[in-house]
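Here is the structure we will look at, set down as structure tokens.
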Amino acid sequence: MLISTRDGARQPCSYTEALLSGLASDGGLYVPVTYPRFSSEELVALSGASYETIAFAVKSRLVDGSIPDAELKELITSAYGPGVFDREKGSIVPVTEIEKGLFVQSLSLGPTASFKDMALQLVGREMDYELSRRNQKLRILGATSGDTGSAAEAAIKDRKNACLFMLSPEKGMSTFQRAQMEALSGGNIFNISIRGRFDDCQDLVKATMQDPEFASLGAVNSINWGRISSQVPYYFAGYLQVAKRMGDPVDVCVPSGNFGNIFSAYVAKRMGLPLRRLIIATNENNVLDVLLKTGVYEQKEARITSSPSMDISKASNYERLVFDLFQGDAEKVKAYMSEFAKTGKASLKDHGLDPSVFFALGFEGDSSTHTDRIETIRQVYTTTKIVIDPHTADGVCVGKRAKHDEVSMLCMSTALPVKFEGTIQEALGFVPERPPRFVGLEEKTQGHNFVTMSPDAALLKSFLRTH
Ligand SMILES: *Cc1c(COP(=O)(O)O)cnc(C)c1O
């Protein structure tokens, strides 16, 4: 069972209800009432298992019967079985040791080459299953600064019961990212280009969803619990590949933006996976790093960097951790979040908590600069001949710096370098080789146009009414 972080009455909500609604109606985010736990015997039983088996073992406990086991198993097999994700070394989430004790886990072998495919391929299928069971249709509204757009579109594209309206800023995405979305346009996928920034897109989504007429719109951003919960299994799969003996501690390092991926690591830890440190790697947009070090959460205007999918001004999923920091006290969560909403700043100390609470839960933070990332891409290429993308480089740079003992460090690789050719060219002097499915992408897609719109909620609403 799930509850909203802002609901003092703790009204329970099922997994599938949360899946179709995204944000709770009180503005809070859904979190589990209790976290199911794996014993070490249960972990041992999963070693050597396929990703589908691990994903089912983990997800079925989080879905908690709200999708029957047999159906959930089918959805998982369809999402992660042969055909959707590439495989390396027999796995869709292979782990490579790039230096003694320093591992990289690839999460980007899906259709759109970012880790967002890992969750969205399953979430799209779960939504479609639940909608057809209820005999309902769902319109989904989302905003993207890059990777969410194509991953969500690839996940919703062939679904019978859902359609997707995706807002993106007119400028700022890479040519490759835009071409990926263009290729998916049409049918049940509507691409809307907003004359503004990513923040304008996000504000439009919020403004529209707060209108009672559009309250039933679905969400595919990482505020949706379906996404967070679908990211938990790969931490289990990564741990099982790295740990020498079951129970050995492992540290993870996660290139972070909206606090989604790292929150999934935290969920895995709460479910009994022996993760020791949960290291949050940020880029120049270091809101989260500053928060962990000082206890002050302060929104800052996002700068465009060479790891654009982490260019955020605030981190929506942090509220899920706030709920735990305040021991599930919804009133305290509301007071803290409303101070942040009003002033763009909130200090834990003012709410009776010491910043060391993060450390006690395993969290640490650090950030990289553009120069650090370029340097890391070069180093990794020189020693291993592996080309990593700038987001992964952020994680590897921070993970390397943080590694200070024998405990293995598992860094998450969140995108393929092909999405960010310009930065790879700058670091290595050549562009990375494209997987065959992306060859000629930009040429193939001409003619699928985006609808262009001013950042005006009234315009968006009238578009939604007529499509
Ligand atoms: C979305 C994204 C991130 C940030 O993930 P969060 O869950 O928002 O922290 C990091 N790297 C890449 C490549 C992404 O697409």
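Under a 5 Å amide H cut-off, with hydrogens placed 1.01 Å from N, Gly27 pairs with nothing among residues at least 5 apart or on other chains.
Please give every one of the lysines within straight-line cross-link reach of Lys403, meaning a C-alpha to C-alpha distance under 24 Å, and leave out same-chain neighbours fewer than 8 residues apart. Filter leaves Lys100, Lys244, Lys269, Lys293, Lys385.
Classify the stretch 130-280 as rounded, prolate or oblate, taking a ≥ b ≥ c as the square roots of the eigenvalues of its Cα gyration tensor: rounded when a/c is under 1.5, otherwise prolate if a/b is larger than b/c and oblate if not. Prolate, since a/c reaches 1.5 and a/b exceeds b/c.
The Cβ shell under 14 Å around Glu213 holds other residues with a net charge of +2, Lys and Arg each +1, Asp and Glu each -1.
For the pair the stretch 133-154 and the stretch 196-253, the centres of their Cα atoms are 13 angstrom apart. The packing ranking of peptides 248-261, 158-171, 423-436, highest mean first, is 248-261, 158-171, 423-436, where packing means the average number of other beta carbon atoms within 10 angstrom of each residue. The label point for Phe359 and the one for Glu301, both projected 7 Å from the Cα toward the Cβ, are 3.4 nm apart. Among rounded, prolate and oblate, which fits the stretch 70-132 when a ≥ b ≥ c are the square roots of the eigenvalues of its C-alpha gyration tensor, a/c under 1.5 means rounded, and a/b larger than b/c means prolate? Here the stretch 70-132 falls in the prolate category.
FRET efficiency for Asp86 and Asp456, Cβ-Cβ distance as r, R0 = 60 Å, nearest 0.05? If you can, show how the numbers build up before the last one.
Numbers: r = 41 Å, r/R0 = 0.68.
The value I calculate is 0.90.
Using a probe radius of 1.4 angstrom, the carbon and sulfur fraction of the accessible surface of the chain is 51%.
In summary, the aspartates and glutamates within cross-link reach of Lys444, defined as a Cα separation below 16 angstrom excluding same-chain residues under 8 places away, comprise Glu182. Taking 0.36 nm per residue of separation and subtracting the current Cα-Cα distance, fully stretching the chain between Phe430 and Glu339 would add 28.0 nm. 3J(HN,Hα) along the stretch 30-43, derived from phi through the Karplus expression 6.51 cos²θ - 1.76 cosθ + 1.60 where θ = phi - 60°, amounts to 6, 9, x, 5, 9, 9, x, 10, 9, 7, 5, 4, 5, 5 Hz, with x in place of Gly and Pro.
Residues of the stretch 264-300 falling in the label zone of Thr384, defined by backbone nitrogen less than 20 Å from a point 7 Å along Cα to beta-carbon, are 276-283. Accessible area per residue for the chain is 39 Å², calculated with a 1.4 Å probe on protein heavy atoms, without ligands, DNA or RNA. Here the Karplus curve 6.51 cos²θ - 1.76 cosθ + 1.60, taken at θ = phi - 60°, turns the phi angles of the stretch 255-267 into couplings of x, 10, x, 8, 6, x, 4, 5, 5, 4, 5, 5, 4 Hz, with x standing for Gly and Pro. Here the Karplus relation 6.51 cos²θ - 1.76 cosθ + 1.60, evaluated at θ = phi - 60°, turns the backbone of the stretch 307-314 into coupling constants of 10, x, 6, 10, 8, 10, 9, 8 Hz, with x for every Gly and Pro.
For a test of the definition: using alpha carbon positions, the gyration tensor, and the 1.5 limit on a/c, classify the stretch 404-464 as rounded, prolate or oblate. Oblate is the answer for the stretch 404-464, as a/c is 1.5 or above yet b/c matches or exceeds a/b.
The values are calculated or read from the model by the stated rules, or taken from the named source; none is laboratory data. Worth saying up front: this structure is predicted, and the values here are computed from it rather than measured. Methodologically, a virtual Cβ is constructed for each residue, glycine included, from the backbone with ideal geometry; neighbour enumeration extends over all protein chains shown. Just the protein is used for accessible areas: all its heavy atoms, side chains included, with ligands, DNA and RNA removed. Shrake-Rupley method; radii C 1.70, N 1.55, O 1.52, S 1.80 Å.
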